[in-house]
Amino acid sequence: MFYAILDDGIRKIDKTQFLKKPVGICILTLDEWHMEAEWRERFGLWHEVDSLHYCKMESYHDFLFGTICVPAKGSREKEMGFAIFVQKERVILLDRDGKLGEQVSRLSKGKRRKDYSLERFVCDFLQSFLADDLLFLEKIEQEIAGIEEDVLEGRTEDYSYRMLQTKKLIARFYHYYSQLAEIGQEILENQQKFFNDEELNAFRMYSDRVFRLSEETKLLREYAMQVQEVYQSEIGIRQNDVMKILTVVTTIFLPLSLIAGWYGMNFSHMPELSWQYSYPVVIGISAAVVVVSLVIFKRKKYW
């Protein structure tokens, strides 16, 4: 796909128009870039495109080269990776997953400011991947809040799985925003003077937005850790309750066991064994022990 940059926005053009005047935006697949050397010859770019599994931006004498890997936001989605070359008159996008055309098409349909430029497109293009991220992070926060509520109400059957998946998602996006912050810093250094002051201001806003999203992921990570501490405290409280019950039962039945053991020895010279009231008396003593123990535990607020 090919697009021309106009004063008020972006317009799609065909390959013939772009080849006549290779100025604007060119979207190629990775296979096209690797298999068709004419593109590299035409643009004078022989830089090796390696891994697309992380985000970076590198500054060279006459171009910028970067790779972007946008993490998946759900189990049904897949991560998106692409490479980008920025030259004075053109931007070359190398699409790994076949999604960049749709992304640029959405930008072309929106209203753009006057005196739109290729450099401004680069900023808008990078910003477009952050459009819904704040809402996405809010959903993660709601998920953590739901986990916390379930923990407090004792519904912890799938706690470990849910918390593990949530923490992995937060970590993935924290690293993503950290890498984007490095990209913003590299662009703002503007070593080869690709951008003017106005365009740098736009990239500064981009960097600020990435920083805020990064800080939000930090807060979510801390929130998840707090919920994990709540879970551990609930487990501790339940274990204490179990130990308390065992202590009560043991304390009540210890004297009863002593009585049963004492009279279970069946010595022949126990005078009370021949007494007609010995059995009801032992029952009464045992009942009194139980009642007194329960009263003491009640006063001590064991339940």
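Where a number appears in this text, it was derived from the coordinates with a stated rule and is not lab data. What you are looking at is a predicted structure, and each value in this text was computed from that prediction instead of being measured. All Cβ positions, even for glycine, are placed from backbone atoms using ideal geometry, and neighbour counts span all protein chains on display.
Among the GluC sites (Glu not before Pro) found in segment 119-185, those both in a DSSP coil and sparsely packed, with 14 or fewer other Cβ atoms within 10 Å of their Cβ, are 153, 157. Packing order of peptides 39-45, 85-91, highest average first: 85-91, 39-45 (average count of other Cβ atoms within 10 Å over each peptide's residues).
Pairwise Cα separations in the chain fall into 10 Å bins from 0 onward with the following percentages, short to long: 5, 20, 21, 13, 9, 7, 6, 6, 6, 5, 3, 1, 0.
Rounded to whole numbers, the Karplus 3J(HN,Hα) couplings from phi for segment 136-151 are 4, 5, 5, 5, 5, 4, 5, 5, 5, 4, x, 5, 4, 4, 5, 4 Hz, using 6.51 cos²θ - 1.76 cosθ + 1.60 with θ = phi - 60°, and x at Gly and Pro. Modelled label positions at residue 128 and residue 164, each set 7 Å beyond Cα in the direction of Cβ, lie 3.8 nm from each other. Peptides 54-63, 230-239 ranked from most to least packed, by the mean per-residue count of other Cβ atoms within 10 Å: 54-63, 230-239. Within a straight-line Cα-Cα reach of under 29 Å, residue 109 can be paired with the following lysines, leaving aside sequence neighbours fewer than 8 residues apart in one chain: 12, 15, 20, 21, 56, 73, 78, 88, 99, 139. On full extension, the segment bounded by residue 142 and residue 105 gains 10.1 nm, given 0.36 nm per residue less the C-alpha separation. For a straight C-alpha distance cut-off of 17 angstrom, the aspartates and glutamates reachable from residue 300 (same-chain residues fewer than eight places away being disregarded) are 241.
Across the options 190, 282, 233, the greatest Cα extent toward the positive end of the charge dipole of the chain (unit charges at beta carbon of Lys, Arg, Asp, Glu) belongs to 282.
Where does helix 159-189 land angle-wise versus the long Cα axis of the chain, in degrees 0 to 90, nearest 10? That helix lies at roughly 30 degrees to the long axis.
Once the Cβ-Cβ distance of residue 253 and residue 230 is raised to the sixth power relative to R0 = 30 Å, the FRET efficiency obtained is 0.30.
Think of it as helices only: each DSSP H run of n ≥ 4 in the chain is worth -39500 (n - 2.57), and spread over all residues that comes to -20500 deg cm²/dmol at 222 nm.
Think of segment 1-130 as a dipole: +1 on every Lys or Arg Cβ, -1 on every Asp or Glu Cβ, centred on the Cα centre; then among 70, 49, 10, 10 lies furthest on the positive end. At a Cα cut-off below 18 Å, give the aspartates and glutamates reachable from residue 168, other chains included and same-chain residues fewer than 8 away excluded. The reachable aspartates and glutamates, counting only those whose Cα sits under 18 Å from residue 168, are 77, 79, 133, 138, 141, 143, 148, 158, 215, 216, 222, 229. Measuring r between the beta carbons of residue 7 and residue 88 and using R0 = 30 Å, the FRET efficiency lands at 0.95. Going toward the positive end of the dipole of the chain, with +1 on Lys and Arg Cβ and -1 on Asp and Glu Cβ, which of 34, 295, 203 do you reach last? In the chain, that residue is 295.
Computed from point charges on the beta carbon alone (+1 for Lys and Arg, -1 for Asp and Glu), the dipole magnitude for the chain about its Cα centre is near 720 Debye.
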